[in-house]
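What follows is a set of notes on a single structure, which appears directly below.
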Amino acid sequence: MQFRTCLHHCIEITFEEFTYVYVRYSKYFEFFCFQGDAFNCSYRCTEDPSLDPLQFNQCVEKCSSKISQVEQTMAQEMQSVQDRLMRCIHSCEDKAKDSNDKDQNRLRSGFESCVVSCADEIQQLLPKIETRMSDQLKRF
């Protein structure tokens, strides 16, 4: 049970840090400008009386496509970080299972140390992840 507590805590810390980076870069690259642009574009669709309902829907969808792409890119990056963390934690679980150590305290301590190392590894990667995310945003 304590393994799960440690695991949950490490994942929680890592995603708090990742979320901080996400918000920081979002502001830095004026992510909200994408949203504002999409809103203004959609508003212009409402001002065009020549659009039938289908054309209106297409107009609004086109306006929001960029923000959808940005959100999808961000979700993929967040999933990638989560997957990487989980692979590392699974490796820690495998090491603990493969250990011939019968001392539960030493086994637990080794597992927890390994999981903390996983979180530390992700934390050290956050600046690179932030740079990669900002580079991806520049494409939009």
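The values are calculated or read from the model by the stated rules, or taken from the named source; none is laboratory data. Note that this is a predicted model, so its numbers are computed, not measured. Heads up, the Cβs are rebuilt from the backbone with ideal geometry, glycines too, and the neighbour counts pull from every protein chain shown.
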Check your understanding: Which pairs have Cβ atoms under 8 Å, sit 6 or more apart or on different chains, and link a residue in segment 126-140 that is closer than 14 Å to residue 81 by Cα to one that is basic (Lys, Arg) and at pLDDT below 80?
Key -> 130/24
Review point. Which of the helices (runs of 4 or more DSSP H) contained wholly in segment 28-140 include at least 3 residues that are aromatic (Phe, Trp, Tyr)?
Key: 31-46
Review point. Among the residues of segment 64-100 satisfying the criterion of being closer than 30 Å to residue 43 by Cα and polar (S, T, N, Q), which is surrounded by the most Cβ atoms within 10 Å (Cβ to Cβ)?
Key: 64
Point to revise | Residue ID - surrounded by the most Cβ atoms within 10 Å (Cβ to Cβ), chosen from residues in segment 101-140 that are of a type in the set (Ser, Thr, Tyr) and farther than 30 Å from residue 33 by Cα | key: 117
Practice item. Tell me which residues, restricted to segment 37-63, are among the acidic types (Asp, Glu) and surrounded by 12 or more Cβ atoms within 10 Å (Cβ to Cβ). Key: 37, 61
Practice item. Sort out which residues of segment 94-140 are among the β-branched types (Val, Ile, Thr) and within 30 Å of residue 70 (Cβ to Cβ), and write them in order of number. Key: 122, 129, 131
Exercise for review: Tell me which residues, restricted to segment 73-124, are farther than 27 Å from residue 138 by Cβ and polar (S, T, N, Q).
Suggested key: 91, 99, 100, 104, 105, 109, 113, 117
